[in-house]
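Visitor: Below is one structure. I have some questions about it.
The values are calculated or read from the model by the stated rules, or taken from the named source; none is laboratory data. Everything quoted here is computed from the prediction, not taken from an experiment. Ideal geometry is used to build each Cβ from the backbone, glycine not excepted, and the neighbour counts take in all protein chains shown. Remember, those area values only see protein heavy atoms, side chains included, never the ligands or the DNA or RNA. Shrake-Rupley method; radii C 1.70, N 1.55, O 1.52, S 1.80 Å.
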Amino acid sequence: MKMAFTVDVEDWFCSPNLSLSEWADCELRLEQPVHQILDLLDEYEATGTFFVLGWIAEKRPDLVKEIYRRGHEIASHGYSHRLVYDQSTLEFKADIRLSKDILEHLIGSKVTGYRAPCFSMTDWGLDILIEEGFAYDSSISPNTPNNLYSKFNLSSKVAQSFKIKDHLWEVPLPAFRLGGVNIPWGGGGYFRIYPYRFFYSGARKIIGDKDYFVYYIHPYDLDYDQPQIFNTSWSNGIRRYYGLRDTYAKIKQLLSDFNCMSISKYDPQIGGIH
């Protein structure tokens, strides 16, 4: 069974609720978990797509170069991790242009993929991606109860990537249809919270139905000693910090159970762009 393996390269403090000036006072901790992910991918001869924040790339350029050197795809996660729908069109254009320029300068190659912070894509945002030279987006999933996610009325029956606009492909995130509700199933906090066999069974079912699955994880999902600044509510605490000590072992099991690869290697539509 095959799936696309993706990493949103951001750190424990990269929240749209904190300003860039506040980020500057925080300890960068993502290098160790990124290296853990890279080593696991090497161990299982797997590849991934790393959606890198431009701000992180500025602070840790050698890390971005190493990800690329080790055979993985570099894509953009924007510069500042601001939600797309909280920006003006001009702000969003400047944000993604800056990120794209930084990443392309570091790796010496075109960056064609984008993922919105917290999957907050908008219809006008897709148009700007085209204007800025992106070829695919991976920010949209079938409507789920998560209020941060954009609502595109995407059917849970959508299989594989599709042309969402002229000159732009969408690489959708998976959801599991349960009791008339679309439950997010791509990874991140959900991967930490769900027992592994439960996640595995859902992923197998989605792959069996659609022959398509995009998994994602963040470096902070492996960082169990990170400062805990999102405990403003019980649900926030669970979403950000539950299961951190188990994530490494669960990713190792995932790579053993599935044939994981970057989006450009996994999806022939996207691979043809590169």
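Visitor: I'd like the residue in region 125-147 that is over 22 Å from Phe5 (Cα atoms) and modelled with pLDDT under 95 and, out of all such residues, is least open to solvent (accessible area, probe 1.4 Å).
Guide: Selected residue: Pro145.
Visitor: Restricted to region 225-245, and to residues that are in a helix (DSSP H, G or I) and open to solvent by less than 90 Å² (accessible area, probe 1.4 Å), which residue is modelled with the highest pLDDT?
Guide: Leu244
Visitor: State the number of residues belonging to region 65-102 that are within 15 Å of Ser262 (Cβ to Cβ) and part of a helix (DSSP H, G or I).
Guide: Residues in region 65-102 being within 15 Å of Ser262 (Cβ to Cβ) and part of a helix (DSSP H, G or I): 3 in total.
Visitor: Report, by residue number, each residue of region 31-56 that is in contact with a His (Cβ under 9 Å, 6 or more places away or on another chain) and closer than 18 Å to Ile107 by Cβ.
Guide: Matches in region 31-56: Leu38, Leu41, Thr47, Gly48, Thr49, Phe50, Phe51, Val52, Leu53, Gly54, Trp55, Ile56.
Visitor: Is there a residue in region 110-119 that is touching a helix residue (DSSP H, G or I) at 6+ places or on another chain (Cβ under 8 Å) and under 18 Å from Arg60 (Cα atoms)?
Guide: Yes: region 110-119 contains one or more residues that are touching a helix residue (DSSP H, G or I) at 6+ places or on another chain (Cβ under 8 Å) and under 18 Å from Arg60 (Cα atoms).
Visitor: Looking at region 197-224, which of its residues are in a loop (DSSP other than H, G, I, E, B) and either of a type in the set (Val, Ile, Thr) or closer than 24 Å to Arg115 by Cα (or both)?
Guide: Across region 197-224, the qualifying residues are Asp211, Tyr212, Phe213, His218, Asp223.
Visitor: Looking only at residues in region 49-80 that are without any contact (Cβ under 8 Å) to a residue 40 or more places away in the chain and acidic (Asp, Glu), which one is least open to solvent (accessible area, probe 1.4 Å)?
Guide: Glu66
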